[in-house]
1. Using protein chains only and a probe of 1.4 angstrom, how many square angstrom of SER334 are accessible, to the nearest 10?
2. To the nearest 20 debye, what is the magnitude of the charge dipole of region 359-417 about its Cα centre, counting +1 on the Cβ of each Lys and Arg and -1 on the Cβ of each Asp and Glu?
3. For region 565-700, go through all pairs of different Cα atoms, get the mean of 1/r, take its inverse, and jot down that Kirkwood value in Å.
4. Share of region 556-715's accessible area from carbon and sulfur, percent, 1.4 Å?
5. Give the accessible surface of region 378-440 per residue, rounded to a whole number of Å², with probe radius 1.4 Å and ligands, DNA and RNA excluded.
6. So, taking all protein chains as they sit and a 1.4 Å probe, how much accessible area belongs to LYS11, in Å² rounded to tens?
7. Under the rule of at least 5 residues apart or a separate chain, name every residue whose amide H is placed under 5 Å from the amide H of GLY452.
8. Under a 1.4 angstrom probe, counting protein chains only, how are ASP643, ASP189 ranked by accessible area, largest first?
Amino acid sequence: MRICFSYGHDKSAELAKRIRADLEGRKHKVWIDESEIKAGDDWRRAITGGILGTDVVLAFLSKHSVRTPGVCLDEIAIAIGEKYGNIKTILVESETEVSAPPSVSHIQWLDMQNWTEKRAAGKAVWDAWYKDKLAEIIRVVEGDESVQFTGEIETLRNLLKPMPANMRPSDSRIASLLGKGFVGRQWLDNEVKQWAGKKDNDSRLFWIVGEPGIGKSAFAANLTHFGRDRIIAAQFCEWDKPYTMNGTDVVRGIAFQLAARLPDYRKLLLKRLIVEMLAVDVRRLPKWLALMVTSRPESSVTSPLQWLKPYILHADSEENRDDIRCFIYRRLESHLYNRPNADNLIEQILNKSEGLFLYVEHVCNDINRDYLSLDRIDEFPQGLGGIYRKFFERQFPKQKRFETDVLPVLRAVLAAREPLPIAILKAMSGLKDEPLRKLTRTLGSLFPTATGEGGETIRPFHKSIPDRLNDYDKAGIYYVSLTEGHAMLAEFGYKQYEKGLDKLHKYFIRNLPAHLIEAKEWDRLETVLTDILFIQEKCKAGQTYDIVNDYNKARKQLPKGKKELVETFAREFIRQAHHIYHRPNLAFQQLYNELQWQKGRVKTTAAKARQKFIEKGGRFLHQYRTPKTITSYNIMTLSGHSDTVTSCTYSQDGSRIVSASEDKTLKIWDANSGKEIAAYRCEDEASACAICGDKIVCGDGSGNVYFLKMVGFDD
């Protein structure tokens, strides 16, 4: 088994290394950050990668390891986020001195707090005591429960398909928010506790609304990180990562996190009793589950949730202003020391902030960098808009340089639907490496770069930046057109597409249709959305339901003359989407076999795609008989089962249909009339069925297999 050790580099390190050696002696592979991460590696990426490569995490709890902030707390947070709860804890110092982090407070620790005393008592005492404790560790690590947990989680991973670790907004998002320093908001936390504690609470959704920069995400991050005794699942929907906002994926991801923490819930999911309900309608959530969400006061959110009463974060509320005062004092303590007018300075900064934490954070950073001085507070910018304008005036005082060198880059970065790969930016801008590096460094505080598995990317650090820069009245001479940005990305991406799918960057596989829609490139959009080979590549990239969104947007916006072809492709794809989602490699096969029977441009387009697919060595099962023409895809609905239908099959002559259900019944139907003609009750949920001639075989959840024969059913 692969085991990750998380411990403080204090005196307990000696014990951790002894246990490591003994576990490795039992053929386990133990991963420790100190020995496995080389200098220069990105710490968080390396830690996450190490934890992902293990089956279980052993966390050694000491004063040093649970300090806040601290590396071990970060490791535990990563383990919860990436290993979904398979964490075991060992207490190595007195529990009166060690405050276990809430994230693992529910886990029963193994008590080794007196290990130094036992070692000092002599070799015989130490050896006997250590042998017993090691046996307990081995039992926990190698026990059926740990192995079963790993197996169950892997089963659910295949069933629910949660977002991959490299795409999921992970603990790095929380760390970046909390790393800025979190203060106050106790009053808001009390409101959440009061809501969650109501036994007769009719609303199981606590909705926090506030304008950009007021600190909604930071509050959610703090609650998630330090409130794991209350918060058992979290999802950060980030504006520049569309794949984090797909409703189905979000709900499946939350269900996956719940299953990791709640064994009974995990068992239910393994029986597939709740998954579909969660994916269909959040209002049907069970009574024991409640959600807290944060959002802007935008109509796209407020309209669907108008039946709820939101908790509004008012920027001018005294509670919010008190929190900002505390934040300013903490961040500028050394600058305010011995200043008789310190309180007055804090009030002036507070008033200029317009009640937004994001403003105060920028101002404090600029003061610490000597860009701003408390002796000239009248020069401080007013509000977030003033912050951004001041930044551009300082970095790009010459308007001509901004328009020629910077504006084209910002257009692309702001229009990008996710962090934009530097490789694309370099190719689009025509800048050589050194000038591009110099520019990205200059933009760094508002447009940070980051390196992940997909390479280096750049993005606005907050959504308020594109909001402001794309508003001509607010941005003035620094206005950046998103329309121009979409046009640039659409043009560049389409040229790559024309060179071949093997030349197309993954960013454009995910986002080219969206940019073509925004740029109103209707001819090119039609070409891309009717290219079955492109559609299959996008499905293979995990974008099946994003294609559905692309089709739906295109159908609304395409001119009449362009709708017919795309409409046909959209209809066939959406009908097959639930199959293709699970088997994306079959996208071409499923679509072509449906489209080949159409007429005109649809048939011609499908035939060209078939030729390309074969030339590239593609193989598929070709449906060579014309299917029966139908006016509706839903020929008939068979009603009678009281629970989920798990299996369904036709008889060889097509006259009978047999279905199995979780309502513990097997039913036989007349395929022509749709009437139920017979039923058989199993001991447990019927999970599979098959028919051959007049014989039927069925299996249930308890492992029983039933062999049945239809007697007296002749027409």
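The values are calculated or read from the model by the stated rules, or taken from the named source; none is laboratory data. The structure displayed is predicted, hence computed values, not measured ones. Cβ coordinates were reconstructed from backbone atoms using ideal geometry, including for glycine residues, and neighbour counts include every protein chain displayed. To get the accessible areas, we keep the full protein, side chains included, count just its heavy atoms, and leave off ligands, DNA and RNA. Shrake-Rupley method; radii C 1.70, N 1.55, O 1.52, S 1.80 Å.
1. 100
2. I would put it at about 400 debye.
3. In region 565-700 this quantity evaluates to 17.5 Å.
4. 49
5. Dividing the accessible area of region 378-440 by its residue count gives 47 Å².
6. 120
7. Residues meeting the amide H criterion: THR457.
8. Working: ASP643 70, ASP189 20 Å².
Greatest to least solvent exposure: ASP643, ASP189.
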